[in-house]
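Presented below is the structure to which this report refers.
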Amino acid sequence: MASKHLQANDRLELMRLIVDAELQSLIDEEIENGAGEVARLCGEVLLAGGKRLRPLLILLAYEIAGGLDSEEVMPLALAFELIHTATLVHDDINDRASHRRGVETIHSKRGLAKGIIAGDWLFVHGFGLGGRYDEKIVRLMSKCCADIAISEFEQLDHILDLKTSPEDYLEIVKGKTAGPFASGCEAAGLIAGLSADDAKKLGYFGMELGIAFQLVDDLLDLRGDSQMGKPRGADVLEGKMTLPLIHALTLSHGTARKRLSQIIENFSDDDFDELMQLLNRSESMHYAEILVSTHIERAISYLNDFSDSDAKQLMLQITDYVIERNR
């Protein structure tokens, strides 16, 4: 079993390196074509690292759906990674972040205006790659990108909103984080020739996995994780209402809720230990962990209708990775 696990990791790493090489080639070509500084700056962010989960899932969804030529779906995989990176560039501006993955952010290095334009450049090139497919694929991508923007608006509206509900949180996560997982997997299935209904099963897989992924991010933000490239409690400091906070506010009463509200509204690192005590008192971290497992189980259930294959095993390996991030 350990040997198979290692082999799966090796195969995923090889796929990741192939995606990285394709992204590097794309940036190099744009620089040669005269894109200059914007391509160079975007390339530094794009190629700074990362697990490439979105393109890997797209490549694997295509394969599990019966696709035989990865070159047919590679532009879609690259498109989603470019669009994802575009959202990160703009998120960093909103969050006033100075670094991501150990690399100085574009707006911090070259100014706000160039940061915004760089994000736009990445987005346009991503959508340009996706635009070569059939209309149904382009429509999926279009809705996905629109939903990201809608969710970003909603998240801003809920900054330091102590009345934010779990339902509010889930809608934001579905649009901003899980939606691209879902749309990419569904689109890959359609490109491979699946029926609309069967492709949606891959989409549902991506949605559930994406929700679990965001929940783990919430937990890692509170626990601290050097690989995320940001200090513990960064989301709390930015006023983002993550699920552990929402859950704790819902279950806390009286003095405990009042104190929790004060900490969230005026958070500093000095309050961190007390915040964690209040979250543990309401078992909010444990609650989020249970939801991670629930959404992972749902994700796996949508793969049951697909025949066993190497691609299926690798997709299951990615679900394991999401769980392992939380350990």
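Each value in this text was obtained by applying a stated rule to the coordinates, not by laboratory testing. Note that this is a predicted model, so its numbers are computed, not measured. For neighbour counting, all protein chains shown are included, and Cβ atoms are generated from backbone atoms with ideal geometry for every residue, glycine included.
Applying 1/(1 + (r/R0)^6) with R0 = 30 Å to the Cβ-Cβ distance of Leu156 and Leu47, what FRET efficiency is obtained, to the nearest 0.05? For R0 = 30 Å, the calculated efficiency reads 0.55. Each peptide in 248-254, 42-48 gets a packing score, the mean of other Cβ atoms within 10 Å over its residues, and the list from highest to lowest is 42-48, 248-254. Looking only at the stretch 204-226, which residues have a backbone nitrogen under 17 Å from a spot 7 Å from the Cα of Arg101 in the C-beta direction? Under 17 Å, as judged by backbone N against the label point of Arg101, lie 226 of the stretch 204-226.
Put in order of Cβ neighbour count within 10 Å, fewest first, the listed residues Leu209, Leu17, Leu275, Leu316 become Leu17, Leu316, Leu275, Leu209. Relative to the first principal axis of the alpha-carbon coordinates of the chain, what is the inclination of helix 284-301, with its axis defined by its Cα atoms, in degrees from 0 to 90 and to the nearest 10? Roughly 20 degrees between the two axes. Could you work out Rg/(2.2 N^0.38 Å) for the stretch 131-259, with Rg from alpha carbons only? Relative to the rule-of-thumb radius for its length, the stretch 131-259 sits at 1.24.
For Asp134, project a label point 7 Å along Cα to C-beta. Then give me every residue of the stretch 47-85 with its amide nitrogen under 20 Å of that point. Counting backbone N atoms under 20 Å from the label point, the list is 58-80. With a simple spin-label model that places each label point 7 Å from the Cα along the Cα-to-Cβ direction, the separation between Leu237 and Ile290 comes to 3.2 nm.
Once you reduce the stretch 1-79 and the stretch 249-318 to the center of their Cα atoms, the two points are 29 Å from each other. Applying a threshold of 32 Å to the alpha-carbon distances of Lys143/Lys163; Lys136/Lys163; Lys176/Lys258; Lys143/Lys312; Lys136/Lys176; Lys136/Lys312 flags Lys136/Lys163 as lying beyond it.
Positive contributions from Lys and Arg (+1) and negative ones from Asp and Glu (-1), summed over other residues with Cβ under 12 Å from the Cβ of Thr319, come out at -1.
Between Arg16 and Leu68, how high is the FRET efficiency from 1/(1 + (r/R0)^6) when r is the Cβ-Cβ distance and R₀ = 22 Å? Nearest 0.05. Rounded to the nearest 0.05, the efficiency is 0.55.
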